[in-house]
Amino acid sequence: MKLKKEELLHFYRKMVEIRKFETKVVELFADGMIPGFVHSYIGEEAVAVGACSNLNDDDYITSTHRGHGHLIAKGGHMDKMMAELFGKETGYCKGKGGSMHIADVDLGILGANGIVGGGFPIAAGAGLSAKMRGTNQVAVCFFGDGASNQTTFHEGINLASIWDLPVVFVCENNMYGISLSQKEHQHIKDISDRATAYGIPGVTVDGNDVIAVYEAVKEAVKRARQGEGPTLIECKTYRHRGHFEGDPTVYRSEEEVEQWKKKDPIKRFRKKLLELGTVTEDELNSIDEEVDKMVEEAVEYAKKGKFPEPEKAVEDVYTDIVEEVRE
Ligand SMILES: Cc1ncc(C[n+]2csc(CCOP(=O)(O)OP(=O)(O)O)c2C)c(N)n1
Ligand SMILES: [Mg+2]
């Protein structure tokens, strides 16, 4: 597939946005500026970017507890994300949700999710809604290898399959569910094999190769938009950091981490772009600098915001729509 220079630069920029945002978050968390839990997406950037680069603003995604990369790739605003991580009222959830509850319905981001496997039925529901309304929208459901053992995996994919719903299930197989390696939690090597059980296509791709992810998801999105139903795509990847910030990661070796760092999706893609001669080093460096500035601005925005008033703690628990229905 011949990709245009703008598309290649978009892939690079978005991956760098995620990496630099996450790197800053790790630093701020260590400095005590961010309360709660942080699950870093560093190392997995090619999955979110390759997948979301096929989507329009009105297409849907469901995310996970490791969701910052998905949000940025789908166009989420870094400043409101950072403010939410700081717990400020200028954040996406007015500072009351934190990392695992960020959503932006206007951008089709149906939410990060602290419930492992929580996204499957939501994505199937979004797909059903698009089908019933007769739109051209698709839903992409991101989930991990660990989540592929949840009952919701079966329920969501089975419904999407039997009703030919426009959903793409994108598995981020980073080889671990917390401290449990894939070998210890399931008896298969390729999670895409499970597609057979639902009568849908299943493919495995190199999840550290943004173009491979992009192409696989492109095909799946095309099928979905044509009414041909869902696809299961497994992206083999790796998280560079622990399961959460502060995880001592005693369950994996330094050598393993180093091996995967050699396959860093951003370094690899940068090298490839330069070898192809499509872009110059200066162009890439200026993207890096622009993103540095963007992240700094997001931190400034977060710092400037106020913490929510304690009296507002129980506001926004129910939506206005629920209140209206009650009346
Ligand atoms: C329903 C549910 N069970 C257990 C947990 C605790 N938990 C949080 S993350 C996680 C592992 C998820 O692994 P995976 O799906 O591979 O995602 P990864 O963290 O590797 O991105 C578990 C068991 C949870 N949050 N929700
Ligand atoms: Mg995992």
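For the pair the range 207-243 / the range 124-142, the C-alpha centres are spaced 17 Å from each other. Sequence-ordered 3J(HN,Hα) estimates for the range 223-229 from the Karplus curve with 6.51, -1.76 and 1.60 and θ = phi - 60° stand at 4, 4, 5, 7, x, 8, x Hz, glycine and proline given as x. Among VAL140, VAL213, MET82, whose Cα lies farthest out toward the positive end of the dipole of the chain, if unit charges sit on the beta carbon of Lys, Arg (+1) and Asp, Glu (-1)? The Cα lying farthest towards the positive end belongs to VAL213.
Tell me, what is the percent relative contact order of the range 5-326, built from C-alpha pairs under 8 Å that lie six or more residues apart? Could the numbers behind the result be given before it?
Details: 626 pairs, mean separation 72.3, N = 322.
The normalised contact order for the range 5-326 reaches 22 percent.
Whole-Hz Karplus values for the range 69-75 come out as x, 5, 5, 5, 5, 8, x Hz, taken residue by residue from phi with 6.51 cos²θ - 1.76 cosθ + 1.60 and θ = phi - 60°; glycine and proline positions read x.
So, with +1 on the Cβ of K and R and -1 on the Cβ of D and E, and no other charges, what is the size of the charge dipole of the range 5-326 about its Cα centre, to the nearest 20 debye?
540
Between the amide H of THR64 and those of ASN113, distances stay under 5 Å, these residues lying 5 or more places away or on another chain, with hydrogens modeled in the peptide plane. As a quick test, which of the pairs LYS94/LYS303; LYS88/LYS312; LYS189/LYS271 have an alpha carbon distance above 18 angstrom in this structure? Result: LYS189/LYS271 exceed 18 Å. The residue list HIS65, PRO310, VAL257 was ranked by how far each Cα lies along the charge dipole of the chain toward its positive end, using unit charges on Cβ atoms, and VAL257 comes out on top.
Its Cα centre serving as origin, the range 59-203 has a Cβ charge dipole (Lys and Arg +1, Asp and Glu -1) of approximately 160 debye.
Across the chain, counting alpha-carbon atoms alone, Rg and Dmax equal 19.4, 64 Å. Counting protein heavy atoms only, the range 182-324 has 52 percent of its accessible area on carbon and sulfur, 1.4 angstrom probe. Taken over the range 217-327, the alpha-carbon convex hull comes to 285 cubic angstrom per residue.
Please give the peptides 22-29, 242-249, 69-76 ranked by average Cβ packing (other Cβ atoms within 10 Å per residue), highest first, as a rough proxy for protection. Don't skip to the end; give the middle numbers.
Numbers: 22-29: 18.6, 242-249: 14.4, 69-76: 25.5.
Ranked from most to least packed, the peptides come out as 69-76, 22-29, 242-249.
In terms of packing, defined here as the mean over residues of other Cβ atoms within 10 angstrom, the peptides 184-192, 203-211 line up highest first as 203-211, 184-192. Ligands, DNA and RNA left out, the accessible area of the range 1-79 computed with a 1.4 Å probe is 52% carbon and sulfur. With protein chains left intact and a 1.4 Å probe, residues in the chain average 47 Å² of accessible area per residue. Solvent-accessible surface (1.4 Å probe) assigned to HIS10 amounts to roughly 80 Å².
Helices in the chain, meaning DSSP H runs of at least 4 residues, each add -39500 (n - 2.57). Divided by all residues, the mean residue ellipticity at 222 nm is -14000 deg cm²/dmol. For the range 122-135, 3J(HN,Hα) computed residue by residue from phi via the Karplus equation (6.51, -1.76, 1.60; θ = phi - 60°) reads 5, 5, 5, x, 5, x, 5, 4, 4, 5, 5, 7, x, 8 Hz, glycine and proline entered as x.
When the listed pairs LYS4/LYS262; LYS74/LYS261; LYS96/LYS306; LYS261/LYS293 are checked against a 20 Å cut-off, the alpha-carbon distance exceeds it for LYS4/LYS262; LYS74/LYS261; LYS261/LYS293. Per residue, the average separation of C-alpha pairs within less than 8 Å and at least 6 apart gives the range 11-153 a relative contact order of 23 percent.
The values are calculated or read from the model by the stated rules, or taken from the named source; none is laboratory data. What you are looking at is a predicted structure, and each value in this text was computed from that prediction instead of being measured. FYI the Cβ positions are ideal-geometry reconstructions off the backbone, even for glycines, and counts take in every protein chain you see. When the accessible area is computed, the model is the full protein with side chains, heavy atoms only, and any ligands, DNA or RNA have been set aside. Shrake-Rupley method; radii C 1.70, N 1.55, O 1.52, S 1.80 Å.
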